[in-house]
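Q: Have a look at the structure that comes next, please.
The values are calculated or read from the model by the stated rules, or taken from the named source; none is laboratory data. What you see is a predicted model; the values in this text were computed from it and never measured. Here the Cβ positions follow ideal geometry from the backbone for every residue, glycine too, while neighbour counts run over all protein chains shown.
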Amino acid sequence: MKIHVDHVIVSAVVAAAALFMSPIAAAQAPPAAQPVMPPSLPVLHVVDLMTAPGTSVLKAQWKTMEAKIVEREPIAAAQPGYTTAYDISPHAGEAGFDDAAWPAITAEDLAVRRGGGYVSFIWYRVNLTIPERIGEFETAGRTAVLTLLVDDYGEIWVDGQMPRRAGYPSPATIQGFNMPNRVVLSDDVQPGDQFQIAVFGINGPISVAPANTVWFREARLEFYP
């Protein structure tokens, strides 16, 4: 009986410790949103975000800023000899980031070549507001998919998160060389829904350091059944 009681006490202590520690761990390392496979059904309606009418219907205003490589302290677990680490600045995908001072660009300017070539990074940010109707098309209850193709490579943040899952294909936010990113914003979108989008455009492949620039080949919001 004593062994059984001791086992119960230990189990209770472990469970209590887990409950106490889990909020702290969550605060230190918030879990990434899980990527969702976009539908393969025929699209019902498309809004071209590289045109003035397309951005107007979604109350969208694109902004852009170059990202820089900066030095920082290495991580605590770094081996001796690694006295410097590198990061990008700003971290414009994070929730609450203030882009008020960034220059605004037109939708057509997404096709403008930006960056000095070689190892180059460009941020783009936009807020999308879902209307009740787009022409005769009703948006309520549809699956909304953001499709972006950045030359050469892009990472997509939605509302302060970059959905991803290690060891699995990421259909949304991380793709390969000149491949489209298809991000499911909602599978039951409603009029008035808002989405904050940040796109980290990268000139690549980085180890080749190509003498070209960063720009959009396409940017669309697609609605599915």
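Q: Kindly provide the set of residues from the stretch 173-225 that are closer than 18 Å to residue 61 by Cβ and either within 15 Å of the chain's Cα centre (by Cα) or assigned to a strand (DSSP E or B) (or both), ordered by number.
A: Of everything in the stretch 173-225, those that are closer than 18 Å to residue 61 by Cβ and either within 15 Å of the chain's Cα centre (by Cα) or assigned to a strand (DSSP E or B) (or both) turn out to be 185, 194, 195, 196, 197, 198, 199, 201, 216, 219, 220, 221.
Q: Just need a number here: residues in the stretch 85-104 that are assigned to a loop (DSSP other than H, G, I, E, B) and modelled with pLDDT of 95 or more.
A: 11
Q: Does residue 55 qualify as being at pLDDT 95 or above, buried (at least 16 other Cβ atoms within 10 Å of the Cβ), in the same structural domain as residue 163 (by TED's automatic domain parsing) and in a helix (DSSP H, G or I)?
A: yes
Q: Say we look at the stretch 137-153 and pick out the residues that are free of Cβ contacts under 8 Å to residues at least 60 places away in the same chain and outside any loop (DSSP other than H, G, I, E, B); which of these is farthest from residue 224 (Cα to Cα)?
A: Top of the filtered list is 153.
Q: Looking only at the stretch 112-136, how many residues end up being surrounded by 13 or more Cβ atoms within 10 Å (Cβ to Cβ) and part of a strand (DSSP E or B)?
A: Residues meeting the conditions: 11.
Q: Which residues, counting only those in the stretch 72-92, are surrounded by fewer than 10 Cβ atoms within 10 Å (Cβ to Cβ) and closer than 27 Å to residue 115 by Cβ?
A: Residues satisfying the conditions are 84, 86.
Q: Now, a different point. Pick from 73, 66: which is more than 30 Å from residue 221 (Cβ to Cβ) and acidic (Asp, Glu)?
A: Of the residues listed, the single one that is more than 30 Å from residue 221 (Cβ to Cβ) and acidic (Asp, Glu) is 73.
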